[in-house]
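**Student:** Mind having a look at this structure? Questions to follow.
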Amino acid sequence: MSKNEDMPGEEQSGPLMADVARLAGVAISTVSRALANPGRVNEKTRAKIDAAAKQLGYTPNAMARGLRVGKSNIIMIILPGSLYYGASQVIPQVLQSINRSLIQGGYNLMIANLDRDETSERHILDLAFGGTVRGAIILSSKLPEVDRRSLANANLPIVSMLFDMSDVGLSSVVTNDREAVRDATTDLIRLGHRRFLYLAGPEGNYHDVERYSGVIEALEAAGLSEAAVVRSGGNLDYQHGFDIGLQAAEDFAALAAKPTAVIATSDDMAISFMSRMQHTGLTIPGDLSIVSFDGSPVCAFCSPPLSTIEQPVEEMGQAAVALLLAAIGQAEKEPARTVIRSKLILRESMAAPKS
């Protein structure tokens, strides 16, 4: 077999996989395995292959490799709507982490927006049932379903990220929303706060249920009743976080007994709320302490810098890809629930209330 016949479908304008194998002193199949699934090749061999590939300037044609074996190299990520997520940028950070991990595993990323209309859901199902994609990572609490076709029945490995869907048979990667908010609320209680305003996401949403439950658990542990917290919001999606924060500012103004601490379930809510409060003459944290959820880099540059619960999006993306790639080609297994802990970043927006 001539050099150009070694790996049909490879680009012929540059070095081939056979050249990499020859330089590294390994079989072509070992090179292919190292590029497609690095975890299946020992570290020493993988290092030799990486060095040879870099020396030769070899770039694998992932799509051609997928076509040769009759299987797609594309992983679909299903978003719950628009890519725009205000200042929090959680979704773009998640995409970056997932894309980086997929590339390392020899796969390509396809983004599908789930706008909750029949056209977008049908498109996603066509991709899944038509063999265009090899697996899916979904960032929504509901699987696409049209004309009695459901993504759950597409015989496709699926991992849920950010939402716990292990109860419906999907492996899920989540953070500890409830515990993280409970701990942040406990910190506010230790500082002396007894009246709270909670800025809510859409009512019934997984994240809102978990985060509000964390607040209630902290109150109960401190001997306080649920009456100590006032909810604001609940009718808008997290993508409208700035609007939720502005509405909460109006709700705050209407309260006779003013809360001394605010727990916002996204950074966007906290930022717009804090800005509006400061325009009314209140000081942060002198008159009002604020803590939020997401961990956006912009929080460090707010005035004052905003305390926030930082989601471990990089680690979550890596874990979701690892679960998905492990499921590809495997027999059906029990769904796994992976929890990666968030961390509270304390900044100047939290302090003891005025006496």
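The values are calculated or read from the model by the stated rules, or taken from the named source; none is laboratory data. Given the structure is predicted, the values throughout are model-derived calculations rather than measurements. Cβ atoms come from the backbone with ideal geometry, glycine included; neighbour counts cover every protein chain shown. The accessibility values were calculated without ligands, DNA or RNA, using every heavy atom of the protein model including side chains. Shrake-Rupley method; radii C 1.70, N 1.55, O 1.52, S 1.80 Å.
**Student:** Would you confirm, using the coordinates I've provided, whether residue 270 is open to solvent by less than 30 Å² (accessible area, probe 1.4 Å) and without any contact (Cβ under 8 Å) to a residue 40 or more places away in the chain?
**Tutor:** no
**Student:** Something else now. Please go through region 324-355 and pick out each residue that is open to solvent by 40 Å² or more (accessible area, probe 1.4 Å) and within 14 Å of the chain's Cα centre (by Cα).
**Tutor:** 338, 339, 341
**Student:** Let me ask something else about it. Among residues belonging to region 107-127 that are more than 18 Å from residue 156 (Cα to Cα) and assigned to a loop (DSSP other than H, G, I, E, B), point out the one that is least open to solvent (accessible area, probe 1.4 Å).
**Tutor:** The extreme case among them is 117.
**Student:** Also, quick follow-up: Specify which of the listed residues (200, 180) is under 18 Å from the mean Cα position of the chain (by Cα), among the small types (Gly, Ala, Ser) and buried (at least 17 other Cβ atoms within 10 Å of the Cβ).
**Tutor:** Unique residue meeting the criteria: 180.
**Student:** From the list 334, 314, 348, exactly one residue is over 27 Å from residue 194 (Cβ atoms) and assigned to a loop (DSSP other than H, G, I, E, B). Which is it?
**Tutor:** Of 334, 314, 348, the one residue that is over 27 Å from residue 194 (Cβ atoms) and assigned to a loop (DSSP other than H, G, I, E, B) is 334.
**Student:** Here's a follow-up. Does residue 321 qualify as being outside any helix (DSSP H, G or I), under 30 Å from residue 173 (Cα atoms), open to solvent by less than 50 Å² (accessible area, probe 1.4 Å) and not polar (S, T, N, Q)?
**Tutor:** Spelling it out, it is not the case that residue 321 is outside any helix (DSSP H, G or I), under 30 Å from residue 173 (Cα atoms), open to solvent by less than 50 Å² (accessible area, probe 1.4 Å) and not polar (S, T, N, Q).
**Student:** Grab the strands (runs of 3 or more DSSP E) fully contained in region 143-207, keeping just those with 2 or more residues being in contact (Cβ under 8 Å) with a residue 12 or more places away in the chain, farther than 17 Å from residue 221 by Cα and aromatic (Phe, Trp, Tyr).
**Tutor:** Ranges flagged: none.
**Student:** Turning to a different aspect of this structure: Collect the residues in region 275-306 that are in contact (Cβ under 8 Å) with a residue 60 or more places away in the chain and under 19 Å from residue 354 (Cα atoms), keeping them in residue-number order.
**Tutor:** 284, 285, 286, 287, 289, 290, 291
**Student:** Of everything in region 210-259, what is assigned to a helix (DSSP H, G or I), under 28 Å from residue 81 (Cα atoms) and open to solvent by 60 Å² or more (accessible area, probe 1.4 Å)? Give them in sequence order.
**Tutor:** If the condition is that a residue be assigned to a helix (DSSP H, G or I), under 28 Å from residue 81 (Cα atoms) and open to solvent by 60 Å² or more (accessible area, probe 1.4 Å), then 240, 242, 243, 247, 250 are the ones that fit.
**Student:** From the list 59, 45, which one is modelled with pLDDT of 85 or more and surrounded by fewer than 17 Cβ atoms within 10 Å (Cβ to Cβ)?
**Tutor:** None of the other options fit; the residue is 45.
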